[in-house]
Structures are given as structure tokens and as C-alpha cells.
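Take a look at the structure set out below.
The values are calculated or read from the model by the stated rules, or taken from the named source; none is laboratory data. Keep in mind that what you see is a predicted model, and the values were worked out from it rather than measured. Every residue, glycine among them, receives a Cβ derived from its backbone with ideal geometry; neighbour counts consider all protein chains shown.
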Amino acid sequence: MEINKPMHQTLLILHSINRWLVLASLLYAIGIALSGLRSGSAFSVAHNTVRHVTATIAHVQLLLGLSLYMISPVVKFDVAEAAGTGLVSEHMFFRFIHIALMAIAVVVITIGSAKAKRVVSDGQKFRTMLVWFTIGLLIILAAIPWPFSPLAGRPYFRSF
Ligand code: HEM
């Protein structure tokens, strides 16, 4: 099947940029959850907005990733043709490892966000957000194709 190059490039760049928003929002949400828990402060409307926005940014990344997955030449790629080249490990990484770990991470973040919304006390809200978002962040950090990754090294930044 023909690959739509402009579409692939656009999705790749958006997916690459949004990764930083995913990381920044998770770090910020984890930070405010930790300080809220320590100080015993109330879980305010602003805290709730951070919880919601963080989960939404992760969902956007999931949608961008799924769209990319469907058209990416790295995923479609003919393994037999490229046997012995480094491209096979990239293909296996994106086809199986990246999608599986990232999907799990987004599910963990979604569960954490939903639970934090439902629990009653402010302390429980902060603790739930802290624990589930930290687990999600760690999985994401492990599954990002960092430039130094031996499986699939990709740049920190891509531009249009
Ligand atoms: C929070 C979740 C995710 C993060 C932080 C993330 C991050 C990244 C990064 C940094 C890249 C490299 C981009 C580049 O080459 O500039 C990438 C590539 C890719 N991601 Fe994700 N990703 C996430 C979720 C997903 C999901 C859920 C899928 C699939 C359903 C996915 C599919 C892909 C594919 C197919 C590529 C390679 C595209 C190509 O080179 O053609 N990603 N991802």
C-alpha cells in the first residue's frame, strides 16, 4: 500500500512534540500531588483541572500514536527484505513494544485520573494521582525511543 508521506510526516512531528507536553504535564501533576499531600492542602478546582488536562494530553498522544501506527512505514515494513539491518529492531520496537507499553501507560493514567475523581478525601485524591501518574510516567519514560535507545533511537525534537 502507498504511504501518504505528508500525512506521515505531520503525524510524526505532532506525536514527537506532544511527547514533551505528556512528560511536562505528568511531572507537574505529580509535583502538585506530592506537595498537596505533604502540606495537607485542599484539592482545589485548579488541582482537578491539572488532573483532567494531564489525562487528556495523554489521550491525544494515544490517538496520534494510533493514527501513526496505521500508516507508518516502520510498522508496515517487510522484515524478510531487511534481515540483518538495524531496521528490524526498530520495526519490532514500534510494532510491538512501543504500542503495548504506551497503551498500558495511558490506561494506568486514565484509571488513576478516574479514581482520583471518585475518592472522597483530599488526601486520597492527591495520593491516587501521585501513585498512578508516577507509574504511568515511568512506563512512558521506558518506552520512548530516546536518541540513546539501542532498540530505536529517535531525535529529541522534530520540526516542520
Ligand atoms: C504517551 C504515549 C506516547 C509517547 C510519549 C510516544 C512517543 C513517541 C516518540 C518520541 C516517537 C518518536 C518520534 C520521532 O521519530 O520523532 C514515537 C514514535 C512512534 N510512536 Fe509513539 N508515543 C506514545 C504512544 C504511542 C502509541 C500508543 C502508539 C501506537 C498506538 C505509538 C506509535 C508510534 C509509532 C508507530 C511511531 C513511529 C512512527 C514512524 O517513525 O513512522 N506511540 N512515539
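So, in segment 141-152, of the ones that are part of a loop (DSSP other than H, G, I, E, B) and within 9 Å of the ligand (Cβ to nearest atom), which residue ends up nearest to Arg19 (Cα to Cα)?
Here the answer is Ile144.
Would you check if Lys76 is buried (at least 16 other Cβ atoms within 10 Å of the Cβ) and of a type in the set (Lys, Arg)? Answer is no for this residue.
When segment 1-47 is limited to residues that are of a type in the set (Val, Ile, Thr) and part of a helix (DSSP H, G or I), the one that is surrounded by the fewest Cβ atoms within 10 Å (Cβ to Cβ) turns out to be Val45. Within the set Arg127, Arg158, the sole residue that is outside any helix (DSSP H, G or I) and in contact with a Leu (Cβ under 9 Å, 6 or more places away or on another chain) turns out to be Arg158.
Within segment 69-88, residues that are free of Cβ contacts under 8 Å to residues at least 60 places away in the same chain reach partners that are β-branched (Val, Ile, Thr) and part of a loop (DSSP other than H, G, I, E, B) with beta carbons closer than 6 Å, at six or more positions or on different chains, in the pairs Val88/Val79. Listed by first and then second residue, the pairs linking a residue in segment 11-29 that is closer than 15 Å to Ile71 by Cβ and near the ligand (Cβ under 9 Å from one of its atoms) to a residue that is assigned to a helix (DSSP H, G or I) and of a type in the set (Val, Ile, Thr), with Cβ atoms under 9 Å apart and 6 or more places separating them unless they lie on different chains, are Leu11/Ile71.
Counting only residues that are touching a His at 6+ places or on another chain (Cβ under 8 Å) and among the hydrophobic types (A, V, I, L, M, F, W, C), segment 74-125 holds 6 of them.
Taking the options Val107, Val50, name whichever one is surrounded by 14 or more Cβ atoms within 10 Å (Cβ to Cβ), under 16 Å from Leu137 (Cβ atoms) and without any contact (Cβ under 8 Å) to a residue 24 or more places away in the chain.
On the way: Val50 fails: without any contact (Cβ under 8 Å) to a residue 24 or more places away in the chain.
Among Val107, Val50, only Val107 is surrounded by 14 or more Cβ atoms within 10 Å (Cβ to Cβ), under 16 Å from Leu137 (Cβ atoms) and without any contact (Cβ under 8 Å) to a residue 24 or more places away in the chain.
Look at Val106 and say whether it is modelled with pLDDT of 95 or more, among the β-branched types (Val, Ile, Thr) and more than 9 Å from the ligand (Cβ to nearest atom). It would help to see each step written out before you state the result.
Working: modelled with pLDDT of 95 or more: yes; among the β-branched types (Val, Ile, Thr): yes; more than 9 Å from the ligand (Cβ to nearest atom): no.
Against the criterion (modelled with pLDDT of 95 or more, among the β-branched types (Val, Ile, Thr) and more than 9 Å from the ligand (Cβ to nearest atom)), Val106 does not qualify.
For segment 74-90, the tally of residues that are farther than 19 Å from Asn4 by Cβ and part of a helix (DSSP H, G or I) stands at 4. Listed conditions (1) surrounded by 15 or more Cβ atoms within 10 Å (Cβ to Cβ); (2) under 14 Å from the mean Cα position of the chain (by Cα); (3) under 18 Å from Asn18 (Cβ atoms) are all met by Ile71, apart from (2).
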